[in-house]
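Scroll down for the structure; my scribbles are underneath it.
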Amino acid sequence: HEGNDILDADQLHTYYGKSHILHGVSLRVGAGEIVTLLGRNGAGKTTTLRSLMGLTPPRQGRIRLFGQDVTGWPPHRIAKLGVGYVPEGRKIFGHLTVHDNLRVPAATTGRWTLDTVYDLFPRLAERRTSKGGQLSGGEQEMLAIARALLLNPRFLILDEPSQGLAPVIVDEVMKTVVAMRDEGIAVLLVEQNAWLALRDADRAYVLGDGEVVHEGSAAELAADEERVKALAGAS
Ligand code: ATP
């Protein structure tokens, strides 16, 4: 390990009640990387992200973020360290306007402000007075990412951003993810669509039944079509 890790999660064991879901998951995200976490339905991808964010804390294992041991920290403290989390299903406020959704995060200073996120997503600027619930799926995803950016994160965690989006919008979202990485924000991306994620990611982990069943370079994995199909259930 290079010592400049953004995330270093070691041997996480996570439960829902008595159900043992993660069986010793270890993963690493380095500075400047897009890392994708793949796997079939129910493999434990969302549970891994929830573990990292402190939403479903692991009962065993250790989590280091930016070199600091954050094991057992509550979600708000982890977010405050500079981790932006865009959950599955986006969780925007449907009854609030776009603009009010963007005013929910506590103001931070840095690259991302209301003005600069509207520059990044002109569509959101056009729809600033629309209610969150009236937006298309793609617009809601952009709103969720914009809201996370306003915290000026050093690390962005995205849970299935492509879910329910038309292919052309998915491309736009992935371009944004690459742009974030190129600006120095490390990204951990959960995707059901393995081919999509492997195209832009630097490294990949594949989960199967709560365990890491493969890790390596995204390009190498993408080149092995049969393996991707077998491991990640991609068609
Ligand atoms: P998907 O792509 O369907 O979201 P996933 O890889 O993200 O799948 P998880 O959502 O992490 O998988 O689920 C892992 C396992 O944990 C599944 O067997 C699921 O049924 C179970 N599980 C998820 N949430 C809960 C919960 N709140 N209580 C009990 N079991 C849960």
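The values are calculated or read from the model by the stated rules, or taken from the named source; none is laboratory data. From a predicted model like this one, the values you see are computed outputs, not experimental measurements. Note that we place each Cβ from the backbone using ideal geometry, even for glycine, and neighbour counts take in every protein chain shown. Areas reflect the complete protein model, heavy atoms only, side chains present, ligands, DNA and RNA absent. Shrake-Rupley method; radii C 1.70, N 1.55, O 1.52, S 1.80 Å.
List the lysines whose alpha-carbon lies under 22 Å from that of LYS80, not counting same-chain residues fewer than 8 positions away?
Counting by Cα, and skipping residues close in sequence, LYS80 has these lysines nearby: LYS91.
Quick one: order LYS18, LYS131 from most to least accessible surface, probe 1.4 Å.
My answer, sorted largest first, is LYS18, LYS131.
Run the dipole for segment 21-148 about the Cα centre, Lys and Arg Cβ at +1, Asp and Glu Cβ at -1, nothing else charged, and hand back the magnitude in debye, nearest 20.
It works out to roughly 400 debye.
Please calculate how many Å² of accessible area segment 52-197 carries per residue, with a 1.4 Å probe and no DNA, RNA or ligand atoms counted.
Result: 45 Å² per residue.
Quick one: pull the percent of accessible area on segment 134-194 belonging to carbon and sulfur, 1.4 Å probe, ligands and nucleic acids left out.
The computed percentage sits at 52.
So how tilted is helix 167-182 from the main axis of the chain? Cα-based, degrees 0 to 90, rounded to 10.
80
Only residues of segment 37-73 count here: report those whose backbone N is under 19 Å from the spot 7 Å along Cα→Cβ of ASP209, or say none.
It comes to 38-48, nothing else.
Suppose accessible area is computed on protein heavy atoms with a 1.4 Å probe; arrange PHE66, PHE93 from highest to lowest.
From most exposed to least exposed: PHE93, PHE66.
Please tell me the relative contact order of segment 35-194 in percent, rounded to the nearest whole number, where contacts are Cα pairs under 8 Å and at least six residues apart.
The value is 30 percent.
Of TYR15, PRO75, THR109, whose Cα points farthest to the positive end of the dipole of segment 1-109 (charges on the beta-carbon: +1 Lys, Arg; -1 Asp, Glu; origin at the Cα centre)?
Ranked along the dipole, the leading option is TYR15.
Going by average Cβ density within 10 Å per residue, which order do the peptides 175-183, 41-49, 54-62, 137-145 take, highest to lowest?
137-145, 41-49, 54-62, 175-183
Please compute the contact order of segment 169-235 in relative form: average sequence separation of alpha-carbon pairs under 8 Å and at least six residues apart, divided by the residue count, as a percent.
25
Suppose a student asked you for the relative contact order of segment 1-116, using Cα pairs under 8 Å spaced at least 6 residues apart; what percent would you report?
Normalised by residue count, the contact order of segment 1-116 is 24 percent.
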